[in-house]
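Undergrad: Shown below is the structure under consideration.
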Amino acid sequence: MVGRRQVLIGAALGAFGLCFGRQSAVARETFAISHSDAEWRKLLTPDQYTVLRREGTERPFSSALLKEHRKGNFACAGCDQNAFSSTTKFDSGTGWPSFWAPLKDAVGTSTDATLGMVRTEVHCSRCGGHLGHVFDDGPKPTGHRYCMNGVAMKFHPLAG
Ligand SMILES: [Zn+2]
């Protein structure tokens, strides 16, 4: 019964998108911008820290960036490197800001086998901050769906 209960708890956590405490493979890579864990805690808000540095997932429909429809760039909230353009944003209906392509060289990926699924994790190429996951059920032209955490990004509108 314990095993079944753990499975149910795991499923519930997955459904609510909560994933705390995971030390990622990404942490073993080196990035142009790096800080100690204590420094990241000071630099980021608690929600940003949970997502960017602990691969947490924000609650769906919680990000103001879902309704951001201006032209501009969505940058990593950890280091401010632009990661996605508004020109590739689409409404996936999932409750997370979604894009069909990242900006060139802006993100890296790793394999995430937590929560009983194998997913492709997406992180900032400059600071390694976790941004979200990418799936193969996106729209044309790429067929990719970059499912991002709005709290892990900042929007920079284009002037004019
Ligand atoms: Zn970054």
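Undergrad: Per residue, how much accessible area does segment 24-157 show when a 1.4 Å probe rolls over the protein heavy atoms, in square angstrom?
TA: 51 Å²
Undergrad: Around Ser36, under 12 Å between beta carbons, what's the net of Lys plus Arg minus Asp minus Glu among the other residues?
TA: +1
Undergrad: What's the carbon and sulfur percent of segment 69-152's accessible surface, probe 1.4 angstrom, rounded to a whole number?
TA: About 51 percent, which is the carbon plus sulfur part of the accessible surface.
Undergrad: By accessible area of protein heavy atoms, probe 1.4 Å, what ranking do Ser63, Ser92, Ser34 get, highest first?
TA: The ordering from most to least exposed comes out as Ser34, Ser92, Ser63.
Undergrad: How do Lys67, Lys154 rank by accessible surface area computed with a 1.4 Å probe, from largest to smallest?
TA: Final ranking, largest accessible area leading: Lys67, Lys154.
The values are calculated or read from the model by the stated rules, or taken from the named source; none is laboratory data. As the structure is a prediction and not an experimental result, all values here were calculated from the model. Reconstructed Cβ throughout: ideal geometry from the backbone, glycine too, with neighbour counts over all protein chains shown. Ligands, DNA and RNA are stripped out before the accessible areas are found, and what is left, the full protein with its side chains, is counted by its heavy atoms. Shrake-Rupley method; radii C 1.70, N 1.55, O 1.52, S 1.80 Å.
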